[in-house]
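Q: Quick one: the structure is below, questions incoming.
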Amino acid sequence: MRSTFGQYIPGASVLHRMDPRVKIVLTVLYVVAVFLTGSLIGYAALTAFVLTAIFLSRVGFGTVMRALKPLLFIIIFTTVINLFFNSTGNTVLSWWIIRITDAGIINALRISYRLTLLITGTALLTLTTNTVDLTDALERLLRPMKLIRFPVHELAMMMTIALRFIPTLMEETDRIMKAQKARGADFETGGALKRAKAMVPLLIPLFVSAFRIASDLALAMEARCYHGGEGRTRMKTLRLGRLDLWAGMAFCVVAAAVVCDQCGLFAFADNAVRGLIFPGGAL
Amino acid sequence: MDKSGNVGYNKTKTKTGEFMDAIRIENCTFTYEGDTLPAVDHVSLTVREGEFVAILGHNGSGKSSLAKLMNALETPDEGTVTVAGMRTDETDKLWQIRAEAGMVFQNPDNQIVAAIVEDDVAFGPENIGVKPAEIRRRVDEALAAVGMSAYAKHAPHTLSGGQKQRVAIAGILALQSRIIILDEPTAMLDPLGRREVLDTIRRLNRDDGITIVLITHFMEEAALADRVFVMEDARLVAEGTPREVFADRDMLRRTGLTPPNPVRLRNCLTDEGLALPADAFTDEEVIEEICRSL
């Protein structure tokens with residue numbers, strides 16, 4: 001099954017209709033919250049938040065979970081590392097050079113769950129926001145950076161053009177590939193090195209063609225009065241709506257829970273739960 | 001401004017009471033940097049407003065360079081180019097000139113900037129700082145004018161060549177250009193796409209009075225124009241109505257241009273001794289002339 005990470009699933013759900021700027025900001029804050037929290041209460045709050053978001057996005061639980069696929073290896077790897085190479089806490093299992101401690105188990109669970117939350121939350125952003133809106137929102141959010149001469153408009157324009165020309169360059173690659181095959185080029189057989197070498201007659205014409213397209217496009221942009229970001233307006237304006245307010249408030253509640261938790265306000269509840277899992281009372 | 005308060009220059013009369021020329025090229029010479037031979041050599045021509053002119057010529061005849069002179073993408077080394085009363089060497093008028101005289105290029109793919117059709121049409125007006133609500137209105141109007149409203153939210157790479165060129169034309173209409181310069185817009189299109197584009201520009205010319213400069217090497221397309229200019233080796237070698245230009249067999253032979261099929265048939269029959277008038281050039285006219293002479 002193909003991974004859905006970074007993909008956009010068209011729809012008209014509450015999440016799709018939110019202002020992309022709000023979605024980006026909330027995602028960033030959410031990532032911070034995920035890294036900040038270390039307790040069960042914090043994780044529960046964030047899990048509730050992300051599950052609600054998945055439900056509201058209407059892209060399907062399975063779709064969101066499939067986003068985990070390319071990062072599954074990293075999750076397993078960090079989990080294993082944490083499980084085996086933790087020397088603090090009480091030993092639960094000991095065999096040969098391996099010693100698994102209860103602190104190790106807790107850490108491993110924590111890390112893998114943290115990564116899962118991180119990936120599903122950020123995947124939701126790209127699943128419900130198309131790349132054009134994402135670029136637009138980024139340009140607007142980064143606008144204050146202009147004060148320190150950061151080329152915000154140029155960067156956004158480059159991203160827009162890159163996105164626009166991906167399919168064009170794919171077609172071009174296909175065309176060149178066919179042309180080279182017609183001349184007897186072989187892209188499919190041989191070892192890795194041979195196949196890498198076979199790419200040269202594909203890449204060079206592709207580069208030449210990319211430069212030609214760039215020069216054509218620059219001329220066409222100039223002909224349509226393009227002269228940088230100075231004095232430029234945009235057709236699509238972003239306006240904050242009621243949806244964005246609600247999303248913001250919902251996140252505030254979650255963030256408040258995480259912060260209170262970090263300050264130790266919910267320590268009693270946390271201890272009670274841990275007491276249930278580890279009656280020995282290791283932590 | 002005329003009595004109705006319209007500021008469009010096409011309604012404006014000069015002090016002498018004549019209508020202003022859309023494009024006036026006076027004795028222009030232009031050489032690309034690093035080249036020894038000029039790409040445009042002492043060319044003078046005038047395009048009146050509301051007119052549909054075609055510039056014919058082979059590859060390398062200088063017709064594309066002439067197009068670039070017409071909207072200040074290049075400025076002449078000698079002579080002057082005036083677009084809607086503004087000289088192209090006045091740098092402060094640059095954006096006004098380019099908004100007045102829009103340009104459609106040959107390759108439909110390499111002139112579309114945005115990843116959504118309506119965003120691309122909005123690109124021009126965004127560049128000159130038009131207010132968002134006004135851009136929205138212009139974009140909707142422009143897409144309707146080229147019959148592409150249904151594709152407003154589509155990605156450009158899913159469109160056919162002819163549709164892409166119509167989007168490019170809409171992008172110029174959204175700038176409210178009164179002049180459209182098309183540099184071989186149909187060269188990379190299939191016959192259907194070619195027809196779509198030609199029908200669109202004829203309609204814009206006829207119904208909205210937009211001045212059209214069509215650069216092409218297809219004689220059939222030039223036959224649609226009010227006037228035809230023929231370029232050869234950087235020089236202007238002929239000008240006149242399509243009827244006049246296609247009647248000049250010596251010039252056509254010299255420049256190596258192939259006349260439209262009815263003209264070729266007429267020429268062959270004349271060579272075989274059939275007495276036909278020398279200026280018939282449409283299918284209907286030639287058929288009629290042949291029937292009459294038989």
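The values are calculated or read from the model by the stated rules, or taken from the named source; none is laboratory data. Being a predicted model, the structure only gives us computed values, none of them experimental. Here the Cβ is made from the backbone with ideal geometry for all residues, glycine too, and neighbour counts use every protein chain on show. Remember, those area values only see protein heavy atoms, side chains included, never the ligands or the DNA or RNA. Shrake-Rupley method; radii C 1.70, N 1.55, O 1.52, S 1.80 Å.
Q: Tabulate in residue order the Karplus-calculated ³J(HN,Hα) for the stretch A:12-24, using 6.51 cos²θ - 1.76 cosθ + 1.60 with θ = phi - 60°, rounded to whole Hz; enter x for Gly and Pro.
A: Residue by residue, the stretch A:12-24 yields 10, 6, 4, 5, 5, 7, 5, 4, x, 5, 5, 4, 5 Hz.
Q: Now, a different point. Just tell me which aspartates and glutamates come within less than 16 Å, Cα to Cα, of B:Lys93; anything on the same chain fewer than 8 places away is out.
A: Within the straight-line cut-off, B:Lys93 pairs with A:Glu222, B:Glu74.
Q: Give the shape of the stretch A:61-188 as rounded, prolate or oblate, defined through the alpha-carbon gyration tensor: a ≥ b ≥ c are the square roots of its eigenvalues, a/c under 1.5 means rounded, and otherwise the shape is prolate if a/b is larger than b/c and oblate if not.
A: oblate
Q: Separate question: Report, in debye and to the nearest 20, how large the dipole of the stretch A:126-178 comes out about its Cα centre when Lys and Arg carry +1 and Asp and Glu carry -1 on their Cβ.
A: Dipole about the Cα centre, nearest 20: 220 debye.
Q: Put a dot 7 Å past each Cα toward the Cβ at A:Arg242 and B:His157; how far apart are the dots in nm?
A: Here the answer is 4.0 nm between the modelled labels.
Q: Under a cut-off of 17 Å between alpha-carbon atoms, report the aspartates and glutamates in cross-link reach of A:Lys181, not counting same-chain residues fewer than 8 places apart.
A: List returned: A:Glu171, A:Glu172.
Q: Now for a different question. Going toward the positive end of the dipole of the protein assembly as shown, with +1 on Lys and Arg Cβ and -1 on Asp and Glu Cβ, which of A:Cys260, B:Phe105, A:Ala12 do you reach last?
A: Sorting the options by dipole projection puts first A:Cys260.
Q: At a Förster radius of 30 Å, what calculated FRET efficiency corresponds to the Cβ-Cβ distance of B:Glu33 and B:His58, to the nearest 0.05? Present the calculation step by step, with values, prior to reporting the outcome.
A: On the way: r = 23 Å, r/R0 = 0.77.
With R0 = 30 Å, the Cβ-Cβ based efficiency is 0.80.
Q: If the cut-off is a Cα-Cα distance under 12 Å, which aspartates and glutamates reach B:Lys153, setting aside same-chain residues fewer than 8 apart in sequence?
A: Qualifying aspartates and glutamates at Cα under 12 Å: B:Glu118, B:Asp119, B:Asp120, B:Asp140.
Q: Please express the shape of chain B as an equivalent ellipsoid: the semi-axes are the square roots of 5 times the eigenvalues of the C-alpha gyration tensor, given largest first in whole angstrom.
A: Details: eigenvalues 218, 112, 74 Å².
Rounded to whole Å, the semi-axes are 33, 24, 19.
Q: Could I ask something else about it? How big is the C-alpha Rg of the protein assembly as shown next to the rule-of-thumb value 2.2 N^0.38 Å, as a ratio?
A: The value comes to 1.33.
Q: Okay, moving on. What shape does chain A take by its C-alpha gyration tensor, where a ≥ b ≥ c are the square roots of the eigenvalues and a/c under 1.5 counts as rounded, a/b above b/c as prolate, and the rest as oblate? Write out the running numbers ahead of the final one.
A: On the way: a/c = 2.76, a/b = 1.46, b/c = 1.89.
It comes out oblate by the Cα gyration axes.
Q: Oh, and also: Tell me, what % of the accessible area of the stretch B:21-248 is carbon and sulfur with a 1.4 angstrom probe?
A: After summing per-atom areas, the C and S share lands at 46 percent.
Q: Here's something else I'd like to know. Mean residue ellipticity at 222 nm from the helices of the protein assembly as shown, using -39,500 (n - 2.57) per DSSP H segment of n ≥ 4 over the full residue count, to the nearest 500 deg cm²/dmol?
A: Rounded to the nearest 500, the figure is -16500 deg cm²/dmol.
Q: Within a Cβ distance under 11 Å of B:Ile169, other residues only, what is the Lys/Arg minus Asp/Glu net charge?
A: Values: positive: B:Lys164, B:Arg166, B:Arg203; negative: B:Glu196.
Once all neighbours under 11 Å are counted, the net charge is +2.
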